[in-house]
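The values are calculated or read from the model by the stated rules, or taken from the named source; none is laboratory data. Given the structure is predicted, the values throughout are model-derived calculations rather than measurements. Cβ placement follows ideal geometry from the backbone for every residue including glycine, while neighbour counts extend to all protein chains displayed. Note: accessible area is taken over every heavy atom of the protein model, side chains too, but ligands, DNA and RNA are not part of it. Shrake-Rupley method; radii C 1.70, N 1.55, O 1.52, S 1.80 Å.
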There are 2 protein chains.
Amino acid sequence: MQLLKDRILADGRAINSDVLKVDSFITHQVDIELMEAIAADFAEHFKDEGITKVVAIESSGIAPALMTAKALKVPLVILKKQPSKLLNGSLLQTEVTSFTTAKTYELTASPKFLKAEDHCLIIDDFLANGEAVTGAIRLLRMAHATVGGVGILIEKSFQPGRKKLEGAGFEVYSLARIKSMKSGQVEFEE
Amino acid sequence: MQLLKDRILADGRAINSDVLKVDSFITHQVDIELMEAIAADFAEHFKDEGITKVVAIESSGIAPALMTAKALKVPLVILKKQPSKLLNGSLLQTEVTSFTTAKTYELTASPKFLKAEDHCLIIDDFLANGEAVTGAIRLLRMAHATVGGVGILIEKSFQPGRKKLEGAGFEVYSLARIKSMKSGQVEFEE
């Protein structure tokens, strides 16, 4: 998606060869028009998949996922992060370790809102090692819901997230695929 | 707002006289059409205030705040919660203790996105004791930004949040004001 790539080049900051800051338009301050364009792209791509729910990973995934749910005219379901292994009988939960921050958290979902008949589109802002998305997929499986696809704003394709997800049979649709960020220079895949 | 009150009566669950669960349409599963109606109401109410940014408190405030920012055609700024007192020189932060959960967290904002010329509308899902919103106001003051108003989806008016905020000179506009939830019966203010 050219609009997002142009914005990353203009306002993103590669603070090292692994970490891209997009806090001025996605993660802290949110550009609403950009989110609408992103949502329109996801909705167009996934419109024939029979998606019944859009699933967001808390919290930077919420804004693009909400707009995509609006575009697809389906509800949004938010998977929440809990800091520790707090057992809660009424929630589905799975442990996720972020490779980027080395922090472990419990990703949780309420089984009331994910059913066997649900076919879900998972939306997240970044794909790196794929830990959050594979956690989301585990939760959907526990709920016997199915995955219609994974929509990502920014994929760091030099990290193994896409390979893991595609290897497990899931479609990954990323709007901007970054090949490298060496010396603070963002280079996209062709 | 009658639509929200009707929905609370239909799908909300007062699990005791203090706690109302709205997880099926606001906090876990998000009803997009309801969020659009809520945003339209906030936008209409605050349209002449010269709002330059909508400010959300992570994470249940994000969905209604995003839609309100869209309706007002201004950016959204997300105040993030950090679990512990992690000092970060590049962020503004303030400690907030939730009276409901008795948990303490650091509410943070990036000063890059809140400036002296910003006139902000704070949106949150619940108002109870007002701790989160007063924390948000402290952060806005640290950034020398001004508060144009506070928009709340559900106010528990038997708790002191509104009184605190109005006493400090802030306008509080709540879409549903709950007078009592005794015996699991939600009763609204006139």
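Some points to look at:
- Computed from phi, the 3J(HN,Hα) profile of region A:99-109 under the Karplus parametrisation 6.51, -1.76, 1.60 (θ = phi - 60°) reads 5, 6, 9, 6, 8, 10, 9, 9, 8, 10, 9 Hz, with x in place of Gly and Pro.
- Across chain B, Cα pairs under 8 Å and at least six residues apart give a relative contact order of 20 percent.
- Pairs beyond 18 Å (Cα-Cα), from B:LYS47/B:LYS70; A:LYS53/A:LYS73; A:LYS70/A:LYS115; A:LYS156/B:LYS80; A:LYS80/B:LYS21; A:LYS21/A:LYS179: A:LYS70/A:LYS115; A:LYS156/B:LYS80
- GNM top mover of B:LYS53, B:LYS156, B:LYS73 - chain B, alpha-carbon springs below 10 Å: B:LYS73
- Listed residues A:MET35, A:ILE122, B:ALA168: farthest to the positive end of the dipole of the protein assembly as shown (Cβ charges): B:ALA168
- Charged-residue dipole, Cβ positions (Lys, Arg, Asp, Glu), chain A about Cα centre, Debye nearest 20: 600 debye
- Considering only A:SER183, A:PHE25, A:THR97, and ranking their Cα positions along the charge dipole of the protein assembly as shown that arises from unit charges at the beta-carbon of Lys, Arg, Asp and Glu, the one farthest toward the positive end is A:THR97.
- Shape class for region A:1-160, computed from the alpha carbon gyration tensor (a ≥ b ≥ c): oblate, with a/c not under 1.5 and a/b at or below b/c.
- Interface residues in region B:23-40 - accessible area drops by 40 Å² or more relative to the isolated chain, probe 1.4 Å: B:HIS28, B:GLN29, B:VAL30, B:ILE32
- Residue-normalised accessible area of chain A, expressed per residue, 1.4 Å probe, Å²: 43 Å²
- With the helix formula -39500 (n - 2.57) applied to DSSP H stretches of n ≥ 4, the protein assembly as shown reaches a computed 222 nm mean residue ellipticity of -9000 deg cm²/dmol.
- Applying Stokes-Einstein at 4 °C and 1.567 mPa s to the Kirkwood radius of region B:19-82, computed over alpha-carbon pairs, gives a translational diffusion coefficient of 106 µm² s⁻¹.
- Simple point charges give the picture: +1 on the Cβ of Lys and Arg, -1 on the Cβ of Asp and Glu, and for the protein assembly as shown a dipole about the Cα centre of about 1040 debye.
- When the P(r) is computed for region B:71-162, the part past 20 Å accounts for 36% of the Cα-Cα pairs.
- Protein heavy-atom surface of chain A, 1.4 angstrom probe: 51% of the accessible area is carbon and sulfur, with nucleic acids and ligands not counted.
- Residues of type aspartates and glutamates that A:LYS81 reaches as a straight line, Cα spacing below 16 Å, ignoring anything fewer than 8 places off in the same chain: A:GLU58, A:GLU95, A:GLU106, A:ASP124, A:ASP125, A:GLU131, B:ASP23, B:GLU58
- For region A:1-53, the Kirkwood hydrodynamic radius from C-alpha pairs, put into Stokes-Einstein at 4 °C and a viscosity of 1.567 mPa s, yields a diffusion coefficient of 103 µm² per second.
- Each Lys or Arg adds one and each Asp or Glu takes one away; over the other residues whose Cβ falls under 13 Å from the Cβ of A:ALA109, this sums to +3.
- Region B:36-105 versus region A:1-63: alpha-carbon centroid distance in Å: 19 Å
- Chains A and B together, accessible area buried on both sides, 1.4 angstrom probe, square angstrom: 2500 Å²
- Taken as Cα centroids, region B:115-190 and region A:157-188 sit 42 Å apart, rounded to the nearest whole angstrom.
- Solvent-accessible surface (1.4 angstrom probe) belonging to A:ARG141, in square angstrom, nearest 10: 150 Å²
- Theoretical FRET efficiency, 1/(1+(r/R0)^6), r = Cβ-Cβ of A:GLU44 and B:SER90, R0 30 Å, to 0.05: 0.20
- Cα centre as origin, Lys/Arg/Asp/Glu Cβ charges: region A:73-150 dipole, Debye: 200 debye
- Take the Cβ atoms of A:ASP6 and B:LYS115, set R0 to 30 Å, and the FRET efficiency comes out at 0.75.
- Here the Karplus curve 6.51 cos²θ - 1.76 cosθ + 1.60, taken at θ = phi - 60°, turns the phi angles of region B:173-182 into couplings of 10, 10, 7, 9, 10, 9, 7, 7, 10, 4 Hz, with x standing for Gly and Pro.
- Karplus-derived HN-Hα couplings along region A:52-68 (A = 6.51, B = -1.76, C = 1.60, θ = phi - 60°), whole Hz, x at Gly and Pro: 10, 8, 9, 10, 10, 9, 4, 10, 6, x, 5, 4, x, 5, 4, 5, 5
- Both radii come from the Cα set of the protein assembly as shown: Rg as radius of gyration, Rh as Kirkwood radius; their ratio Rg/Rh reads 0.95.
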